[in-house]
Amino acid sequence: MKIGFIGLGRMGTGMAGSLLNAQYDVIVYNRSPQKLAPLVARGAKAAPSIAEASRAEIVITMLADDAAVESAVLGDEGVLRHLPTHAIHISSSTISVGLAEKLTGAHANASQRFVAAPVFGRPDVAAVGRLFVVAAGEKRAVEAASPIFDAIGQKTFVVSDTPKLASLVKLSGNFLIASMIESLGEAIALIAKGGVDREQYVEILTSTLFSAPVYKTYGSLLASEKFAPAGFAAPLGAKDIRLLLTAAEELRVPLPLASLLRDRFLSLFAHGGDALDWSAIGGLAARDAGLARHDEK
């Protein structure tokens with residue numbers, strides 16, 4: 001099976017690599033061509049354009065935001081125009097509910113198939129094919145894409161035959177992660193100012209009440225204040241919260257914590273944190289408490 005892969009950020013590179021490991025014929029495209037070389041060295045074919053990468057049985061997009069996805073898919077030389085009839089576009093990007101709905105209709109009108117399949121996991125997890133996939137789309141399209149999901153992830157959750165609902169699940173999941181980061185950051189600031197060792201505190205929490213990997217991953221980042229280099233850049237986290245709030249407004253669901261998180265991201269950016277990992281919003285509580293950073297002691 002020939003697979004086109006568009007978007008080779010840290011997540012996309014890991015996912016494309018997993019497809020190569022599974023012996024798929026992968027053609028890759030990225031706006032910055034220097035990112036193609038490591039995958040080409042492993043057997044991928046480099047596409048000179050999105051149009052060329054789209055001439056495949058399945059095309060996967062893994063791009064930063066709605067604007068990038070809309071341009072890559074709906075542009076004059078985009079996926080929609082060059083994807084063969086009945087072929088499948090899998091969007092693994094975290095996009096708005098509205099754009100997922102728009103792409104569903106556009107592909108249907110072109111006699112193509114669309115599956116929304118955003119993923120949970122950071123770049124290190126993507127690199128070893130252990131992501132969690134949240135998929136939604138027409139049943140036969142999802143079934144056809146299932147081997148792809150098995151190659152990039154450890155488990156796939158099929159939530160609906162309506163693609164936009166996978167986007168809603170993904171946004172709600174990122175909201176919960178960001179809420180955890182904020183609350184854990186506040187708790188760490190409290191105990192640190194009281195004189196408790198941060199690393200020991202995180203070890204206590206993750207060995208007892210909160211043993212889930214997400215607490216271990218972000219607890220370690222918060223305790224050590226290692227927010228660079230970014231595994232998931234703060235502007236992308238802020239974007240996801242904005243998309244969540246838009247979806248919530250349309251559904252008339254108040255989300256007070258999401259509004260708080262939006263403001264925490266704005267505070268982080270106001271202090272020059274644009275290049276940091278999104279977990280840096282959890283470090284704001286320590287700053288607000290007057291605690292010195294580790295590298296300032």
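Points worth noting:
- Long-range neighbours under 7 Å by Cβ, at least six apart or interchain, first residue within 23 Å of Leu99 (Cβ to Cβ) within the stretch 113-131, second aromatic (Phe, Trp, Tyr) and crowded, with 18+ Cβ neighbours inside 10 Å: Ala117/Phe149; Leu131/Phe120
- The residues listed here are Gly129, Gly98; of these, the one that is in the same structural domain as Met11 (by TED's automatic domain parsing) and within 27 Å of Thr246 (Cβ to Cβ) is Gly98.
- Consider the stretch 31-66 and keep the residues that are polar (S, T, N, Q) and surrounded by fewer than 23 Cβ atoms within 10 Å (Cβ to Cβ). The one that is modelled with the highest pLDDT is Ser49.
- Within the stretch 199-228, the only residue that satisfies the criterion of being of a type in the set (D, E, K, R), closer than 22 Å to Leu261 by Cβ and assigned to a helix (DSSP H, G or I) is Lys216.
- Within the stretch 181-198, the set of residues being assigned to a helix (DSSP H, G or I) and of a type in the set (A, V, I, L, M) comprises Ile181, Leu184, Ala187, Ile188, Ala189, Leu190, Ile191, Ala192.
- Considering Ala228, Ala233, the condition of being within 24 Å of Leu276 (Cα to Cα) and loosely packed, with under 15 Cβ neighbours inside 10 Å is satisfied by Ala228 alone.
- Here His89 meets each of (1) surrounded by fewer than 21 Cβ atoms within 10 Å (Cβ to Cβ); (2) in a strand (DSSP E or B); (3) not hydrophobic (A, V, I, L, M, F, W, C) with one exception, condition (1).
- Residues considered: Ser111, Ser91. Of these, the only one that is farther than 28 Å from Asn174 by Cβ and among the small types (Gly, Ala, Ser) is Ser111.
- Cβ pairs under 8 Å, 6+ apart, first in the stretch 204-224 and farther than 13 Å from Met180 by Cα, second modelled with pLDDT under 95 and part of a helix (DSSP H, G or I): Ser224/His294
- Screening Gly231 with (1) in a helix (DSSP H, G or I); (2) within 20 Å of Gly121 (Cβ to Cβ); (3) touching a residue at least 40 places away in the same chain (Cβ under 8 Å) gives one miss only, at (1).
Here's the yes/no breakdown for (1) in contact (Cβ under 8 Å) with a residue 40 or more places away in the chain; (2) farther than 18 Å from Lys2 by Cα:
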| residue | (1), (2) |
| --- | --- |
| Pro33 | no, yes |
| Arg55 | yes, no |
| Ala68 | yes, yes |
| Asp76 | no, yes |
| His82 | no, no |
| Ile88 | yes, no |
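- Number of positions in the stretch 90-112 that are out of contact with any Pro (no Cβ under 9 Å at 6 or more places or on another chain), in contact (Cβ under 8 Å) with a residue 12 or more places away in the chain and polar (S, T, N, Q): 2
- Number of the condition not met by Thr94 [criteria: (1) surrounded by 22 or more Cβ atoms within 10 Å (Cβ to Cβ); (2) in a helix (DSSP H, G or I)]: (2)
- Put simply, of Ala144, Ala127, Ala178 the only residue that is in contact with a strand residue (DSSP E or B) (Cβ under 7 Å, 6 or more places away or on another chain) and small (Gly, Ala, Ser) is Ala144.
- Members of the stretch 240-297 that are of a type in the set (Ser, Thr, Tyr) and surrounded by 15 or more Cβ atoms within 10 Å (Cβ to Cβ): Ser279
- Hits in the stretch 191-229 (condition: in contact with a His (Cβ under 8 Å, 6 or more places away or on another chain) and of a type in the set (Asp, Glu)): Glu225
The values are calculated or read from the model by the stated rules, or taken from the named source; none is laboratory data. Quantities reported herein were computed from a predicted structural model and do not represent experimental measurements. With ideal geometry, Cβ positions are generated from the backbone for all residues, glycine too; neighbour counts draw on all protein chains shown.
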